[in-house]
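As structure tokens, the structure follows; a few thoughts come after it.
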Amino acid sequence: MLELFKVGKKTVYPIIYDVNYGQMKSINCYLLDDGDKLTLIDAGLQHEKYIEFFDAKLAEYGFTFESIDQILLTHHHEDHTGQVNRIIEHKAMPVFAHHLAIERVHFEQVYLHKKQDFFIRLYEEYGCSNFASERFKKMANTLLQRDKLKLTTDVQPLYADDLICGMKVIEVPGHSPDSIVFYDEETKWLFAGDLVLKSGSTNALIDFDEKLQLLPTVAQYEESLKRCRKLATSVVFAGHQAPFSNHAEIIEKNLARIARKYERIVRVVENGHHQAMDIAHALYGERLEKEFSLIMSEVIGYLYYAERQCKLSKTMKDGEWVFNVK
């Protein structure tokens, strides 16, 4: 049995599923018993092997689906929402997520069409449409499969500074617009989702606002890290890898990594690479073809970050952005 975390009447039961998932190492969710309710924070994958593991771990802790009283989601990604529908089939219960997560976890058609339109335009402007065919196919398939993918219950919206289970909701956009963490001031526990990991870092993934404009996700991620660095934290329960305690030190490493990526992308432009695909090839070489979506997300995100830092400028030439050092 994994180590349990106890403070007073509160107990955290980790559910940590080891995977070969790049630097992520595991997919985590947590059961929080606050002495009144049993809350599931995040809900893992919808995958046969994960289902077996999840059910066995519940039984090991002495719980069933009927033991769970509510579900909290840190963000809408599929490795955090996968067991929600299975659980609520056994027992009706409230599910909570950031208000921006609702259209995402319900795979609403209007939202999915907006997402398609945004990425078609974005990839055209950054000169990589010809390389995005798989991404476009996946988005089209998501539209067709939306009824199978969506959460089948109403999701209750959470907002900044809401209190739930004695924990404060803190908005931490960057990895996704709907990312939140849950902070317990009494125990100093931080349920961090994908904001910060014990080693390495998650990605600030490009996304759009209500006007279909590119969000400053790298700057958002940086600010979110700084916001949580100020918290007095005893244990961080992250969405991947093991729980940890030295959160300020780890956040400093993440902030330093952002600075290095920013400096590197500026240096590549200084060295004569002026268009996004050329910049991506200079940075990642053959990896670009295999990891197109993640790499282009990083390149576009850091180019925008460098613009906001007034280090780079861009001009439109033949329908494509061209970047130069100011």
Report yes if some residue within the range 80-92 is assigned to a loop (DSSP other than H, G, I, E, B), under 16 Å from LYS150 (Cβ atoms) and modelled with pLDDT of 95 or more; otherwise report no. yes
If you scan the range 287-326, which residues turn out to be among the β-branched types (Val, Ile, Thr), open to solvent by less than 40 Å² (accessible area, probe 1.4 Å) and either free of Cβ contacts under 8 Å to residues at least 40 places away in the same chain or out of contact with any Ser or Thr (no Cβ under 8 Å at 6 or more places or on another chain) (or both)? ILE295, VAL299, ILE300
Flagged pairs (Cβ under 8 angstrom, 6 or more apart or on separate chains; first in the range 133-149, within 17 Å of ARG121 (Cβ to Cβ); second among the aromatic types (Phe, Trp, Tyr) and open to solvent by less than 100 Å² (accessible area, probe 1.4 Å)) are ARG135/PHE119; ARG135/TYR123; ARG135/PHE292; PHE136/PHE119; MET139/PHE119
Pairs please, first residue from the range 46-71 and more than 15 Å from ILE16 (Cβ to Cβ), second anywhere and surrounded by fewer than 16 Cβ atoms within 10 Å (Cβ to Cβ) and among the charged types (D, E, K, R), Cβ atoms under 6 Å, 6+ apart in sequence or on different chains. PHE65/LYS91; GLU66/LYS91; ASP69/LYS37
Looking only at residues that are in contact with a helix residue (DSSP H, G or I) (Cβ under 7 Å, 6 or more places away or on another chain) and in a loop (DSSP other than H, G, I, E, B) in the range 1-45, which one is farthest from THR74 (Cα to Cα)? MET1
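Here is a yes/no grid of residues against (1) open to solvent by less than 10 Å² (accessible area, probe 1.4 Å); (2) hydrophobic (A, V, I, L, M, F, W, C); (3) over 26 Å from GLY166 (Cα atoms):
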| site | (1), (2), (3) |
| --- | --- |
| GLU3 | no, no, no |
| VAL7 | no, yes, no |
| VAL12 | yes, yes, no |
| ILE16 | no, yes, no |
| PHE53 | no, yes, yes |
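Take GLN83 and decide whether it is surrounded by 23 or more Cβ atoms within 10 Å (Cβ to Cβ) and more than 22 Å from LEU294 (Cβ to Cβ).
Numbers: surrounded by 23 or more Cβ atoms within 10 Å (Cβ to Cβ): yes; more than 22 Å from LEU294 (Cβ to Cβ): yes.
In short, yes.
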Contact list please: Cβ distance under 7 Å, first residue in the range 258-286 and over 10 Å from TYR302 (Cβ atoms) and open to solvent by 80 Å² or more (accessible area, probe 1.4 Å), second residue modelled with pLDDT under 95 and part of a helix (DSSP H, G or I), pairs at least six apart or on different chains. HIS281/LEU288
All-but-one check, LYS57 against (1) of a type in the set (Lys, Arg); (2) buried (at least 18 other Cβ atoms within 10 Å of the Cβ); (3) in contact with a helix residue (DSSP H, G or I) (Cβ under 8 Å, 6 or more places away or on another chain), failing number (3)
Among the numbered conditions (1) modelled with pLDDT under 95; (2) closer than 29 Å to THR11 by Cβ; (3) open to solvent by less than 50 Å² (accessible area, probe 1.4 Å), tell me where SER199 comes up short. (3)
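The values are calculated or read from the model by the stated rules, or taken from the named source; none is laboratory data. Note that the structure is predicted; figures quoted are calculated from it, not measured. Every residue, glycine among them, receives a Cβ derived from its backbone with ideal geometry; neighbour counts consider all protein chains shown. Protein only, heavy atoms only, side chains kept; ligands, DNA and RNA dropped before computing areas. Shrake-Rupley method; radii C 1.70, N 1.55, O 1.52, S 1.80 Å.
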